[in-house]
Each structure stands twice: as structure tokens, then as C-alpha cells.
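See below for the structure under consideration.
A short reminder: the numbers here are calculations on the coordinates, not readings from a lab. Source: prediction; values computed, not measured. Heads up, the Cβs are rebuilt from the backbone with ideal geometry, glycines too, and the neighbour counts pull from every protein chain shown.
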Amino acid sequence: MENKKVFIHANTTEMSKKIEAKLRSKLVKSGLRVYEDLDADTELIICVGGDGTLLYMLHENDFPETPIVGVNTGHLGFFQEILPEKIDDFIFNYNQGNYEIQAYYTAFATVVTDHGTFTHTALNEIAVKGEPTYPVNLNISINESFIERFSGDGICVATPAGSTGYNYSLGGSIVDPRLNLLQVTPIAPMNSIAYRSFTSSILLPDNDKLMVLPCDDTDRRLTVIFDGRLSEYDDVISITIGLSDRKVNLVRFDNADFWEKVKGKFL
Ligand code: NAP
Ligand code: MN
């Protein structure tokens, strides 16, 4: 049997570069092959950095379904499983097959405009916003049945993976990644006798689709933000958001449960 092929993506900090070099030599010594590019034969992707590095790698490589493990040299590192001082344990356990794959759902957005249709994928969230200085008015429906007219800064639609990111700062709930759902959280919703919309998050089961329609001509200039990346659109007709079939497969070594990790990073 041929040795397994590994691809390393590191961010550009000094610390990450040092860890990447160390990792590379240890992986090769253990019999793995380290390649400069990601292709169909790659069996493991190692991301050296923070959560942002993992998100960057995913977006640069069109969301590969190859198993991914993160070595945390970043700030928070919620996705990043391995501490730099535990590289030897990681390589040993990987070669022994002592790991599990945790599949994370991603979200998609299909943006239909007068000028064409555009699609985005996100691991954390897709947010829809209007002009930075004005509230935006959006008609929101679920599976084509009308729910509300939203007025405010926008909405954030988070996957379980993204529930601890922007969603959490907006007052959304932290979701166990075993649940396949989307959480729709209002961003600064207006509520008065003139405007009325939900003030809490709402949850959608995995096959449901959220549809966002600009209410007025002035609401047709919209910004779609996917994992912190931004696309601006004019003349929007509709934006449909749902869970995608494309999964991100993270390699997990310890059985430390989800809430232990949440406590460790947030409390
Ligand atoms: P960034 O500006 O470095 O991200 C902000 C922080 O969010 C970083 O500490 C990052 O971790 C952390 N983070 C990323 N994904 C997370 C997750 N699923 N759970 C918990 N924390 C997470 O930019 P970035 O690293 O490219 O991350 C993009 C993400 O930032 C977006 O997808 C969004 O979730 C989040 N964000 C949050 C706010 C907010 O809370 N007000 C605003 C905009 C964006 P690392 O330090 O390990 O990179
Ligand atoms: Mn970051």
C-alpha cells in the first residue's frame, strides 16, 4: 500500500511557519508523504493557524471533502483540534487510525439578480445586509410561505458549526453540531408600531429553505457575507439560503465532548 498523502496549509505568522516546518519533517519521518498541492488523492489536509486559516483554506479550495485537521497557532481555534506541543501524539494517533471524522454541514446561498444567479457556500454563516447607514426591509419566507417583513441591519443564518461565531455575538444559541439545522438570527431588528419582526432566533430543519426578498426598490442593493467574505449585489430579486449537501469533514482525536470544548473556549 502506498503511503498516505498529506497537504499542509499554513497561515503566514512566524509561529505557523515554524510549526509547519516541524510538522513536515515529523510527518515524513513517520512515513507519510507531504505534497504541495491538494488533489483527489490527498488523504489529509492539515491547517496550521486559527479558525480563520481553516475558513481561508476551505474557500480557496472550493470546500474539499477530504478530512481536515487543524493545528492551533491562532487566537481562538474553535475548529483547531491539535495544540502545537501535541504534534507527536497527533501523528502517532493518525497513523494508528485512532480518530473519528466529524462531518459539519455547510450552508449555501443562491442570489438571483437582474444580471444573473450567483452561489456561495459557508461553513459558519451567511449574513444578508443592506446599506451600512440605513435599515433594510426584507420579506422573509420559509419554503415559500411568508413569515415576516424584517426591518433592521439584516439577518444572520448560521450552521451549527458557525453557532459559536457571529451568531453567538448576535445573541444566538450555541448548537451541538450533531443537530442539522439552520439558525436565523436578526441583526438589530426594529420593533415599534411602525415595524414588527421576530426579536429572537428561529430554527429551520435541514431541508427547509429560507427566502429573502427585497421589499422595495431601495432594498435591492444587498450585501451577502459568507464566513466573513463579502459580495455586493445590485438589483437583487431573491436570496435563497439552506443547508448544503457539501460537508466539511474534521478529524477528531479525543472524545472530549462538544460542551467541554465550548466551556474551554467561552467560559
Ligand atoms: P476574524 O475576524 O479573525 O474572526 C473573528 C473571531 O471569530 C476569531 O477569533 C475567530 O477565531 C473566531 N471564529 C471563527 N469561526 C468561529 C466559530 N465557528 N466559532 C467560534 N469562533 C469562531 O475572521 P476569521 O477568523 O476569518 O473568522 C470569520 C468569522 O468571524 C465569521 O464566519 C464570523 O463567524 C466571525 N465574525 C464575528 C463577528 C462578531 O462576533 N461580531 C463579526 C464578524 C465575523 P480565530 O482567532 O481562531 O481565527
Ligand atoms: Mn481569524
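Prolate is the label for segment 122-214. Its Cα gyration tensor axes, ordered a ≥ b ≥ c, give a/c of at least 1.5 and a/b above b/c.
Under 19 Å from a label point 7 Å along Cα→Cβ of SER25: give me every residue in segment 69-92 with its amide N that close. Residues 84-92 fall inside that zone.
If I take every Cα pair under 8 Å that is 6 or more residues apart in segment 45-98, average their sequence separation and divide by the length, what percent do I get for the relative contact order?
Relative contact order, segment 45-98: 35 percent.
Computed extension length for ASN3-GLU65: 20.3 nm, one decimal, from 0.36 nm per residue of separation with the Cα-Cα distance subtracted. Mean sequence separation of contacting Cα pairs (under 8 Å, at least six apart), scaled by the length of segment 107-245, corresponds to a relative contact order of 32 percent. Antiparallel beta bridges, as assigned by DSSP with both residues in the chain, represent about 80 percent of the total such bridges. Our note on the geometry: Cα centres of segment 46-76 and segment 108-139, 24 Å apart.
For an R0 of 22 angstrom, estimate the FRET efficiency from the Cβ-Cβ distance between TYR35 and PHE92 and round to the nearest 0.05. Plugging the Cβ-Cβ distance into 1/(1 + (r/R0)^6) gives 0.55.
Report D for the chain in µm² per second (integer): Stokes-Einstein, Kirkwood Rh on Cα pairs, 20 °C, 1.002 mPa s.
The calculation lands on 108 µm²/s.
Each peptide among 59-70, 117-128 gets the average number of other Cβ atoms lying within 10 Å of its residues, and from highest to lowest they stand as 117-128, 59-70. Of the cross-linked pairs LYS129/LYS263; LYS18/LYS263; LYS18/LYS261; LYS26/LYS86, those separated by over 23 Å at the C-alpha level are LYS129/LYS263; LYS18/LYS263; LYS18/LYS261.
Restricting segment 163-267 to trypsin sites (Lys or Arg not before Pro) that sit in a DSSP loop and have at most 16 other Cβ atoms within 10 Å of their own Cβ leaves ARG178, ARG196, LYS209, ARG221. Note: segment 36-188, Cα convex hull, 164 Å³ per residue.
Working from Cα pairs under 8 Å separated by at least six residues, relative contact order for segment 101-154 is 25 percent.
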